[in-house]
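Below is one structure, written out as structure tokens; comments come after it.
Every read-out reported here was derived from the displayed coordinates using simple, explicitly stated rules and does not represent laboratory data. Remember, predicted model here, so these are calculated numbers, not experimental data. Cβ: placed from backbone, ideal geometry, glycine included. Neighbour counts: every protein chain shown.
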Amino acid sequence: MRNIGDDEQLLAALREALEADEAVPPEFIELGKNAYAWHNIDAELAQLTYDSVREPGALSLRAEAASIRALTFTSAHLTIELEVSEDSVLGQVVPAQCGMIEIQAREGTTATTDADEVGCFLIRPIPDSPFRLRFRTADGSDILTGSITL
Amino acid sequence: MRDDSSVSALVARARDGDQPAWNEIVERYAPLVWSICNRYRLSRPDIDDIGQTVWLLLVEQLGNIRQPAALPGWLATTTQRECLRVLRAASRYDSFGSSVDNQELPDQSAPVIEQEVIEAELHAALRTAFAGLPARCRQLLSMLLSDPPHSYAEISATVPIAIGSIGPQRARCLDKLRRSPALAALSDVAVEGGEASGARASETGGARRA
């Protein structure tokens, strides 16, 4: 319970309120406003459900396997698996289907690549800033992954 | 400003495709998301990432929100969850796979979050109320709040207002602020005099969660 009954309390609370607002960088607020672009786009969010470096025993596997890191993003309808090697990311859409992969950097730039008929796609070079993948098919599937930092 | 600036009205409008309503939701609650992220001392890119994820999740959930009044609480817990996810991932990298105890992470207890949500709602209501004040009141209060503080002589010359009127005018403006509908809608704040009651705060906090 916060008491702002007397003028000094109210003024102090107002100061806090205005300061809390000023502390937020404008770009942070812009990111939030821009998220609304996804309204009415029927994209499903695919959340990270597996990350090899976060699993126990990851260290021993890393030494042996050519693949450095494996990630899985899961939505209600499909899964996107990623294998990160030294200079590229090999992706697999499950169940296999062709479509378009967009690589969306946070700054708003977008590159595209195709997923072939068995659902495979290649991203090269590896994006050097955090990105999200958006996968779209001709029959209307639309999936957006969580943010990926490699 | 629209007549109904309640969270419920904003959520309903945002659900129907109203970008300005969405913007107002973001402006109102971005400080809450920001302050929670800062509590975890994350890097700026991580914080941006978390913020974006939280708002994207909200966009996705807009059609499913049954109790818009619970939105600040939802934002707070979602932000905290995303912060912890990032922290866990980061500490795994640093220590090459060693697991992280929750105790090592900053305080994540429910009362802390609850308090932050209550504060954020008060702050948001105060900003809305302040924005609704007459320009003269906003100017006077801004000058009174500035750091370093302005002297009464400076305030008198700038507003302009007679030095002897500053005190009474300040009281009138604060009274207007206190009577604003935005503040009246808050249940966790005592706008009349009297002792703050911790018991009542936890009661209403409990009701909020239910």
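Worth a mention:
- Where both bridge residues fall in chain A, DSSP classifies roughly 90% of the beta bridges as antiparallel.
- Order of A:Val93, B:Val112, B:Val11 - criterion: other Cβ atoms within 10 Å of each residue's Cβ, fewest first: B:Val112, B:Val11, A:Val93
- Annotation: amide H-H contacts under 5 Å for A:Leu45 (H modelled 1.01 Å from N, sequence separation of 5 or more, or interchain): A:Leu144.
- In a simple Cβ point-charge model (Lys, Arg +1; Asp, Glu -1; nothing else charged), the stretch A:59-150 has a dipole of about 280 debye relative to its Cα centre.
- Exposed loop sites were defined as GluC sites (Glu not before Pro) in DSSP loop states (anything but H, G, I, E or B) carrying at most 10 other C-beta atoms within 10 Å; in chain A the longest segment without such a site runs A:1-85.
- Counting only other chain Cβ atoms within 10 Å of each residue's Cβ, the peptide B:14-21 averages 2.
- Shielding by partners, peptide B:47-55 (average Cβ within 10 angstrom, other chains): 6
- Shown is the FRET efficiency for A:Glu44 and B:Tyr152, computed with R0 = 41 Å from the Cβ-Cβ distance and rounded to the nearest 0.05: 0.10.
- The mean sequence distance of close C-alpha pairs (under 8 Å, at least 6 residues apart), as a share of the length of the stretch A:5-150, puts its relative contact order at 18 percent.
- Net charge dipole size for the stretch B:145-189 [Lys, Arg +1 and Asp, Glu -1 on Cβ; Debye, nearest 20]: 240
- Two-site label geometry, A:Glu30 and B:Lys176: point separation in nm, points 7 Å out along Cα→Cβ: 3.4
- Across peptide B:126-132, the mean count of Cβ atoms from other chains lying within 10 Å of each residue's own Cβ comes to 3.
- Between A:Thr113 and A:Leu150, the simple label model (points 7 Å from Cα in the Cβ direction) yields a spacing of 0.6 nm.
- Long-range amide H partners of A:Tyr50 with built H, under 5 Å: A:Thr72
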